[in-house]
Every structure is written in structure tokens, then in C-alpha cells.
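Remarks on the structure that follows.
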Amino acid sequence: MTHIVAISPHLDDAAFSVGGLLAARARAGVRVTIVTCFTGNVARPTGFALACQLDKGLSADLDYMALRRAEDIAACAVIGAHAVHLPLLEAPHRGYASAPELFAARRADDMMQEPLTEQLEETIDRLRPDVLLAPLAVGNHVDHWLVRDALSAIDRPMLLWEDWPYLTRASHTPVEAVREQHVLSAQDRHERTVMCAAYASQIGFQFGSVEKMEAAIAQVREERLYDAG
Ligand SMILES: [Zn+2]
């Protein structure tokens, strides 16, 4: 059986960006695994990391990453995908102290590249994908670039997706060559919407509401995959 492995930086990126394509492939009998890199916990987040939790209306004592891992498992269940969670810390837990810093240069003290590369290589070797999907890092989130750079170092055949919803905000046109355009069927769009809605803690922050997210997905005609270059 063909096996697609999607490498998602955060708990939501693969569904947000290529949920329709993954849904279509899963429906066709393809095995789908979503590996999410930055899903680790810190015991007591402070500063910006805590603010990222509080500004989503979640209390300080709630285990925010456990909630998001559970959301991811529910999202994967929509299409029968398997969820793999690497226990690495996302940028707000590595010293990035504000939203603009997440989209600026990598910090000199950010030591994530090496452990991320090691864990991704081990995971990909274990999962043995026929098709490897990963983010283009449209929008320039530091964690998305770390994933792209780690996969470049591992050097396996892969296709890169346009990071959504960053894509629409960045008005960014990728320079890489388009390899595949998956035009969304109504069923694909529906399943992508249901998957995305499972990341309930992120919807208000990313879109304002589930209705606005649905409206945004309704504007997406196709999901494009690019050569890694
Ligand atoms: Zn992300």
C-alpha cells in the first residue's frame, strides 16, 4: 500500500495546507501519516509562551500541548490518518518572545536544527514513506523553516506544500516549480474543513471563527505541491 507521510511543523499545519489532498488519498486507500514536529510540553510556560495560551481563552493551569495533541488525533481520525508526535518544543518555548520574532531571523541560541534533523531522519526511516510532503515555509515562520532545512539536510525525495493560511496573507508567490495541483472536490473541501475545525483551540486566533474558516476554505480551489528544488 502506498504510504504518504506529511511532516507538519505544528499541530494543524498539514490539515490547514493539504487537508483536502490527504483526505482524497486516504479515501482512495492510501495510508496517510501526519508527523508533527513541535508538540512537546514545558511544565509551566511563562511570558510569551503562556500568553499564546491565555490569548486563546485557555487557563494557565491547562496542559495546552496535551489539548492540541488530542485535537490532532481527532483531526487525523476524520480521514483515518495516523498521528505521530515528536516531543520537540515550539518556538515560544525556545526563547522567541513575541509574535513578530516568530517570523523574523532564527535566534542565535536556537539549538533546534540538530535534534529536529535527527528525529525526522529516524522517523522517516522508520515510516518508509512512498511520498513525503513538507512545508515550503511560505510566511517565514521560524519553525516551518527549521523543518524545511532539516528535510533538506536529510535529502529524501519530497514535495512541498504552500503553507495556509499564511499563503493568503503573505501574497507570496513561490519560486519553486509546481509539481502537482490537487483540485479540491466538494468532499475534499468538506473533509479538510472538518479536519481543520478539530484544531478548535487555534480557530479563533487563525480565522476569527469556524464560519470564517469555512468561508476561507471555500475560496481554495486547489492545493499545490512544489519541487523541493
Ligand atoms: Zn505552523
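Annotations
- The set of residues in the stretch 33-49 being open to solvent by 40 Å² or more (accessible area, probe 1.4 Å) and part of a helix (DSSP H, G or I) consists of 47, 48.
- Every test in (1) surrounded by 15 or more Cβ atoms within 10 Å (Cβ to Cβ); (2) in contact with a helix residue (DSSP H, G or I) (Cβ under 8 Å, 6 or more places away or on another chain); (3) part of a loop (DSSP other than H, G, I, E, B) is passed by residue 129 save one, and that test is (2).
- Hey, residue 26 outside any loop (DSSP other than H, G, I, E, B), open to solvent by 20 Å² or more (accessible area, probe 1.4 Å) and either more than 16 Å from residue 205 (Cβ to Cβ) or within 16 Å of the ligand (Cβ to nearest atom) (or both) or not: yes
- Checking each residue in the stretch 71-119 for being assigned to a strand (DSSP E or B) and touching a Gly at 6+ places or on another chain (Cβ under 8 Å) picks out only 87.
- Contact annotation: residue pairs with Cβ atoms under 8 Å, 6 or more positions apart or on different chains, pairing a residue in the stretch 14-36 that is on the phi > 0 side of the Ramachandran plot and of a type outside the set (Ser, Thr, Tyr) with a partner that is outside any helix (DSSP H, G or I) and open to solvent by 10 Å² or more (accessible area, probe 1.4 Å), are 29/1.
- Count of the stretch 174-199 residues, restricted to those that are surrounded by fewer than 15 Cβ atoms within 10 Å (Cβ to Cβ) and assigned to a helix (DSSP H, G or I), is 2.
- Test: residue in the stretch 51-70 that is closer than 26 Å to residue 181 by Cβ and aliphatic (A, V, I, L, M): no
- Boolean, residue 61 is out of contact with any Ser or Thr (no Cβ under 9 Å at 6 or more places or on another chain), farther than 26 Å from residue 193 by Cα and loosely packed, with under 15 Cβ neighbours inside 10 Å: yes
- Filter pass, residue 122 being modelled with pLDDT of 95 or more and loosely packed, with under 13 Cβ neighbours inside 10 Å: yes
The values are calculated or read from the model by the stated rules, or taken from the named source; none is laboratory data. Just so you know, these numbers come straight off a predicted model, no measurement behind them. Cβ sites come from the backbone with ideal geometry, for glycine too, and all protein chains shown count toward neighbours. Keep in mind that these areas ignore ligands, DNA and RNA; they rest on the heavy atoms of the full protein, side chains included. Shrake-Rupley method; radii C 1.70, N 1.55, O 1.52, S 1.80 Å.
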